1. Select from region 7-17 the residues that are exposed (fewer than 11 other Cβ atoms within 10 Å of the Cβ) and touching a Ser or Thr at 6+ places or on another chain (Cβ under 9 Å) and list them in ascending order.
2. Quick one: in region 37-57, which of the residues that are more than 12 Å from the chain's Cα centre (by Cα) and within 15 Å of Ile1 (Cβ to Cβ) is least open to solvent (accessible area, probe 1.4 Å)?
3. Do any residues in region 12-30 that are of a type outside the set (A, V, I, L, M, F, W, C) have Cβ atoms under 6 Å from those of residues that are open to solvent by 30 Å² or more (accessible area, probe 1.4 Å), where the two are at least six apart or on different chains, and which pairs are they?
Amino acid sequence: IKPFESRYGITTLVKVVTNDGNILTWFASQEISGSKVGKTVKITGTVKSQEVYNNEKQTTLTRCKMA
């Protein structure tokens, strides 16, 4: 979880590693609690794209809910 300033205000980059080792990325428009780092979470969202970034396969999600 990494917040940063963008032209739209605060954006939070959230990366989740699944049990299968897949990487999910989500650019959230709100601040996400850092207390979820290292914890098991349930995440649902819409798949935006699947790509390779820095030699890692990643799936980018939008409209996510995390519990």
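The values are calculated or read from the model by the stated rules, or taken from the named source; none is laboratory data. This one's a predicted model, so the numbers in the text were calculated from it and none came from an experiment. A quick note on method: Cβ atoms are made from the backbone with ideal geometry, for glycine too, and the neighbour counts reach across all protein chains shown. Side chains are part of the model used for accessible areas, which takes the heavy atoms of the whole protein and leaves out ligands, DNA and RNA. Shrake-Rupley method; radii C 1.70, N 1.55, O 1.52, S 1.80 Å.
1. Tyr8, Gly9
2. Gly38
3. Thr12/Pro3; Thr12/Glu31; Thr25/Lys15
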